[in-house]
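The structure appears below as structure tokens.
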Amino acid sequence: MALPRPRRSRRPALAIVALALVATGCGGNDDDQPDGQPSASDASSASSASSEDSGDGTAEGPTGEIPDPCTLLAANELASLSGSDPGAGSLQAVDPSQRKVCTFASGLILAVEVAGNWEATLDGIRDHFGEDALEPVPGVGEEAYWQPSGSQFVAVDGDYLVGVTGVPDENTGEQLAVALLDVL
């Protein structure tokens, strides 16, 4: 009797896409890193205006840290916008003054980062996925893109850029990005 094949998880692929978003938001290059590969210790100049999550889905006051994307949206709003309950979120903060990433049990990934990293983030996505990887999306923040090959939506507005990865379509990514930008 043949054993059933284990189901492959999409998490590793989604984590790679999120890593591309997060890692490419860094500037500089450490000597131990191959050319073009940012390290976790790289940092661009941070925005002086940062916010703190108040627990009710709003960002308040300067604290020197990026708001926690795991708590920016209420659980029921997150479920409604994403189309299903994403489960528990796990915060990852390589450099809390630059970026924070929340990975949910469903594979949904939300990232908040200083806007000063926007161009480096776009360059990194293009470097990893090709020059034509990003499709412009007008009317969202100052600038926004959908990346179909990575199921990722990225947008920048004001002091922050947001990334939404692991969504089924552009509309879902856009709705989540707009909701995140609205509370930032």
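Laboratory data are not the source of any read-out in this text; all were calculated from the coordinates shown. In this text the structure is predicted, and so the values were computed from the model without any measurement. Ideal geometry is used to build each Cβ from the backbone, glycine not excepted, and the neighbour counts take in all protein chains shown.
Listing for the model above:
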| read-out | value |
| --- | --- |
| Packing-based ranking, highest mean first, of 157-166, 170-179 given that Cβ atoms within 10 Å are counted | 157-166, 170-179 |
| Principal axis dimensions, largest first and in whole angstrom, of the range 89-184 by Cα | 30, 29, 26 |
| Theoretical FRET efficiency, 1/(1+(r/R0)^6), r = Cβ-Cβ of SER149 and ALA88, R0 25 Å, to 0.05 | 0.35 |
| Charge tally in the Cβ shell below 10 Å around LEU91, where Lys, Arg are +1 and Asp, Glu are -1, LEU91 excluded | 0 |
